[in-house]
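The values are calculated or read from the model by the stated rules, or taken from the named source; none is laboratory data. Since we're looking at a predicted model, the values are computed, not measured. All Cβ positions, even for glycine, are placed from backbone atoms using ideal geometry, and neighbour counts span all protein chains on display.
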Amino acid sequence: MDDLKYYLSSLADLALPRHCIVCGRRLGTRESHLCIYCSADFPFTRFWHSRQNEMADRYNAMISRDMDSGEYASGYESYSCAAALFFYHSEAGFKKIPQQLKYKKRIGMGKYFAGMLAAAVWSSEIFKTVDMVVPVPLHRRRMRERGYNQAEIVAREISLAGGAGECQDLIVRKKYTSTQTKLSVEDKKMNVRDAFDVAPDVAEKYSPSHVLVVDDVFTTGATITACHHALRRFFGPGLRISAVTLGFVNSG
């Protein structure tokens, strides 16, 4: 059976060659989305091995700054955990992974890398108590324009792999925001300020203890932090909130 599958895959590759998402090299029959060379160079963050890491520190710094400025009153806030699959650099070809998922509808490719992230998440002691997976939502206007939410694709694979429930409608994006791509750190924060809320009619059906917020890329942390605040306002101090993404833009 495996020989037949290999033979059919070989014929398919002859008719419609596949290429590495990163470097463009033609893929072999046993390769999926990445060639062996890019697979060997894959820039894993391995943040899921450590409760305190660069991404988590930046995430918590954003939360603390909002609390200190008086924008967000929640009293004590415990350290929130965070992890990403790979380091995202604007000069490196691996940036094509979230870009192709977000703008080119490469859903199958997105599921492949989301599966890698899911395996990392559920192998970690840090995230073992997660009982709800929540994607960062798109505004309904953006959803109509794009047709799908890339964060939902990632969140669904994580949910399926770990058995934790996924709730796509728990957080709603109530404000249409401009693209974050070229904004400064402060402008990104202002762009998503008060952009999210928890849907009370959905939330009242659940009593999560540990929510995992999922997005495609973590840049400044402004978007995920805004979602964090929305969850905290509704559920109060008892809820543990963590975050994961495919890519992480480090400050270096």
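For the stretch 200-210, does any single residue satisfy the condition of being assigned to a helix (DSSP H, G or I), surrounded by 15 or more Cβ atoms within 10 Å (Cβ to Cβ) and more than 19 Å from the chain's Cα centre (by Cα)? Yes - at least one qualifying residue is present in the stretch 200-210. Within the stretch 26-60, the set of residues being assigned to a helix (DSSP H, G or I), surrounded by 14 or more Cβ atoms within 10 Å (Cβ to Cβ) and of a type in the set (D, E, K, R) comprises Glu54, Arg58. Scanning the stretch 122-164 for residues that are among the β-branched types (Val, Ile, Thr), touching a Ser or Thr at 6+ places or on another chain (Cβ under 9 Å) and farther than 18 Å from Ala203 by Cα yields a count of 3. Here is a list of conditions, (1) within 21 Å of the chain's Cα centre (by Cα); (2) farther than 20 Å from Ser124 by Cβ, and His49 meets all of them except one; can you say which number that is? Of the numbered conditions (1) within 21 Å of the chain's Cα centre (by Cα); (2) farther than 20 Å from Ser124 by Cβ, the odd one out for His49 is (2). Residue pairs whose Cβ atoms lie under 9 Å apart, sitting 6 or more positions apart in sequence or on different chains, and linking a residue in the stretch 129-154 that is assigned by TED's automatic domain parsing to the domain that holds Gln99 and over 21 Å from Val192 (Cα atoms) to a partner that is exposed (fewer than 15 other Cβ atoms within 10 Å of the Cβ) and among the β-branched types (Val, Ile, Thr), are Ile153/Ile107.
Which of the residues belonging to the stretch 211-251 are in contact with a Gly (Cβ under 8 Å, 6 or more places away or on another chain) and surrounded by fewer than 20 Cβ atoms within 10 Å (Cβ to Cβ)? Within the stretch 211-251, Pro237 is the sole residue that qualifies. Contact map, the stretch 34-62: residues that are within 17 Å of Phe94 (Cβ to Cβ) paired with residues that are of a type in the set (D, E, K, R), Cβ distance under 6 Å, separation 6+ or inter-chain. Pairs shown: Cys35/Arg25. Set side by side, the residues Gly162, Gly110, Gly147 differ, and just one is farther than 17 Å from Val217 by Cβ and in contact with a helix residue (DSSP H, G or I) (Cβ under 7 Å, 6 or more places away or on another chain), which is Gly162.
So that you can scan it fast, the table gives a plain yes or no per residue for (1) at pLDDT below 95; (2) of a type outside the set (Val, Ile, Thr):
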site	(1), (2)
Leu85	no, yes
Gln100	no, yes
Met109	no, yes
Gly115	no, yes
Thr129	no, no
Val136	no, no
Arg146	yes, yes
Ala151	no, yes
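In the stretch 111-128, the residue that is nearest to Ala84 (Cα to Cα) out of those that are in contact with a strand residue (DSSP E or B) (Cβ under 8 Å, 6 or more places away or on another chain) and touching a residue at least 40 places away in the same chain (Cβ under 8 Å) is Leu117.
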